[in-house]
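The values are calculated or read from the model by the stated rules, or taken from the named source; none is laboratory data. Since we're looking at a predicted model, the values are computed, not measured. When we count neighbours, we look across all protein chains shown, and the Cβ atoms used for this are built from the backbone with ideal geometry, even at glycine. Accessible surface is based on the protein model in full, side chains and every heavy atom, while ligands, DNA and RNA are left aside. Shrake-Rupley method; radii C 1.70, N 1.55, O 1.52, S 1.80 Å.
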Amino acid sequence: QVQLVESGGGLVQPGGSLRLSCAASGFAFSNYAIGWYRQAPGKERELVASIHRLGITTTYADSVKGRFTISRDNGANTVYLQMNNLKPDDTATYYCNRIGARDGYWGQGTQVTVSS
C-alpha cells in the first residue's frame, strides 16, 4: 500500500534553512508528479511546490518562490524540499503527496517551526 514518510522538520530561527525529505513506497513513484503541501493551525492545506514525474518542471506558490527548491531522486523514491530564508509564516506541518491523488491517503507530515 501507499506509504509516504516525511522527515527533516524542526525548530529554526527566521532566516534559517531546513531540508525536508519524503520517502515513498507502495506505488510507481516515477509515474507521479509529487507535491509538497503545508497546513498551519486553523488554515487549509496548501500546495507550496510540485515537481514533474521526471523532474523536468517545477512549480511554486508565490509565497515560497525564490526561497524553496523541490527536487526528486527517482532511483531512491524520494522527494526533497530545500527551504531557505525561512519566515515565521512558513510555520506549518509539511506533507508530500502524489498530485491528483484521490485515495485520501496522507502521511504523518513533519513539523516546521520558524521562531526566534
Margin query: Would you confirm whether or not segment 52-64 contains a residue that is open to solvent by less than 40 Å² (accessible area, probe 1.4 Å), without any contact (Cβ under 8 Å) to a residue 24 or more places away in the chain, over 19 Å from residue 1 (Cα atoms) and not charged (D, E, K, R)?
Written below: yes
Margin query: Can you pull out every residue in segment 13-47 that is without any contact (Cβ under 8 Å) to a residue 24 or more places away in the chain, part of a strand (DSSP E or B) and open to solvent by less than 70 Å² (accessible area, probe 1.4 Å)?
Written below: none
Margin query: Quick check on my filter: what residues within segment 77-89 are out of contact with any helix residue (DSSP H, G or I) (no Cβ under 6 Å at 6 or more places or on another chain) and either free of Cβ contacts under 8 Å to residues at least 24 places away in the same chain or under 15 Å from residue 6 (Cβ atoms) (or both)?
Written below: 78, 79, 80, 81, 82, 83
Margin query: Condition first: open to solvent by less than 50 Å² (accessible area, probe 1.4 Å) and of a type in the set (A, V, I, L, M). Now tell me which residues in segment 2-12 satisfy that.
Written below: 2, 4, 12
